[in-house]
1. Do we find a residue being surrounded by fewer than 16 Cβ atoms within 10 Å (Cβ to Cβ), more than 24 Å from the chain's Cα centre (by Cα) and modelled with pLDDT of 95 or more anywhere in the stretch 74-89?
2. Among Gly376, Gly360, Gly354, which is in contact with an Asp or Glu (Cβ under 8 Å, 6 or more places away or on another chain) and touching a residue at least 24 places away in the same chain (Cβ under 8 Å)?
3. Check off (1) touching a residue at least 60 places away in the same chain (Cβ under 8 Å); (2) assigned to a loop (DSSP other than H, G, I, E, B) for Val153 and give me the number that stays unchecked.
4. Among residues belonging to the stretch 275-318 that are aliphatic (A, V, I, L, M) and over 25 Å from the mean Cα position of the chain (by Cα), point out the one that is farthest from Ala343 (Cα to Cα).
5. Can you list residue pairs whose Cβ atoms sit under 9 Å apart, with the first residue in the stretch 391-402 being under 16 Å from Phe57 (Cβ atoms) and the second being acidic (Asp, Glu) and at pLDDT 90 or above? Count only pairs 6 or more apart in sequence or on different chains.
6. I need the full set of residues from the stretch 330-374 which are touching a Gly at 6+ places or on another chain (Cβ under 7 Å) and among the hydroxyl-bearing types (Ser, Thr, Tyr), in order please.
7. Can you give me the number of residues within the stretch 163-219 that are touching a helix residue (DSSP H, G or I) at 6+ places or on another chain (Cβ under 9 Å), among the aromatic types (Phe, Trp, Tyr) and at pLDDT 90 or above?
8. Considering only residues that are touching a Lys or Arg at 6+ places or on another chain (Cβ under 7 Å) and surrounded by 23 or more Cβ atoms within 10 Å (Cβ to Cβ), which ones fall in the stretch 113-155?
Amino acid sequence: MNKVPTSTYLQSKNPYTFNILDSLSIKLTVTENPYQLPLEVLFDMAARKNKKRGFLFVSKVLGKHIPVKPAASLLSGGVLAMRYMEEVHGVSCSRRENIIGRLISGQGEREAYLSMLKEPFQLPDETLFIGFAETATALGHNMFEFFDNAAFVHTTRENTRELESIINFEEEHSHATSQACYCREELLQRGGPIVLVDDEITTGNTALNIIKAIQQSFPREEYTVASLLDWRSEDNKKRYEELEKELGIRIKTVTLLAGEIEVQGNPVEDEGAFQYVKDERAADPQVNRISLSSISKKIQDLPLTFISSKGEAEHVLYSGMTGRFSGLLSENNADIDSFCRMAGEKLLQTRTEGKALCLGTGEFMYLPMKIADYMGDNLFYQSTTRSPIHRVNKTGYAVKSGVAFPCPEDDCITNYFYNIEYKQYADIFLFLERTIDEEKLAPLLECLKQTGPETITLVTVN
């Protein structure tokens, strides 16, 4: 068993060893890989400042910390949906090999994604998909769009005055542990299967916590935990079995890659130093502002009072197309796609001839990704994040650059963006769910200016 100097994928038989910056050693034993996906297609690795868990599987398909082609990320949700149908309902997709091949090769992902959407999977019972904030809000929504007879909501860390969360639970290993779920009660009262969608499962405790919370008020027989990666140990899996017996339920799991991890070493104690070196001769980027509020939409927006982490109240208009508060049904997918297509075509007209980046913000990931897919070629997508990741400019390491800034919606919370290199993009489109005060937006805007684009376009949905 060989070791590699950074987190570079090791092409050898099980187990794989990742030596992260000579600080942490991760031994990974793959136990399930149903589509034979190469590890380097799915993730790289990085260190992070977190005593509970000092490393991070940095997804290469999620569109969070690493820029991706929008269609590649959207197709990965389709592959997870396909795996769910195979594992839970015993239904195979006729284009299975072609779809997997497109994801692995990085060629023709958009064609494969659109072809899957034309023939959504038919579910025997209405199924509620719940995406976990922050990282899996887009993945959950993306997986949901491949099904008929389905509903969707995502959990959130937002607090509002008018609504009361009907499910509260903890994400124990996270840097921001408390989560809420504001979906309409009727979506939970129907009693059908629930699919919990996360990008990665390490212990599985987050899923167990929400299952307990749901079962207490809205009992049902069946849950599925769907994820891109599943690293639960045998002890973790036994907890699922124990909860099944305790509550009299079934908990199924669906994943693209599963295995066990052994960790040796200590987490990093800081986030790593990074600063953009600006060419003083370079002109400041042109800053544009575009509102998409004039584009026709059939799903009603939600005027609510946002309560910040320091208790300040602000009246805002949330998009009804995210599923964060009111939830969504399968019949809403066509309306969302129509809006995103019109928005993408509008923004396409504002691009220069250079490479472009679409940047989502926090939990607001799916709509920007979907819009970006309609904005032409030579374009990449990712999102800002709460996650503090150690950045080091070394070959093979997943997070080479990154800056911190106060969250525009809540300046007590630190946000980050990663892996935007200097002069990498001619155009950067920053997507915001709602209009943000210029003063609050200034720190993020200044950080984006440091990356050296020709244009920065602030895009607000409402």
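The values are calculated or read from the model by the stated rules, or taken from the named source; none is laboratory data. In this text, all values refer to a predicted model and were calculated from it rather than measured experimentally. Counting neighbours? That spans all protein chains shown, and the Cβs are built from the backbone with ideal geometry, glycine included.
1. Yes: one or more hits.
2. Gly354
3. (2)
4. Restricting to residues being aliphatic (A, V, I, L, M) and over 25 Å from the mean Cα position of the chain (by Cα), the top hit is Val277.
5. Going by the 9 Å Cβ cut-off, the qualifying pairs are Gly396/Asp44; Tyr397/Asp44; Ala398/Asp44; Val399/Asp44.
6. Correct list: Tyr374 only.
7. Residues that pass the stated criteria total 1.
8. Ala133, Glu134, Thr135, His154
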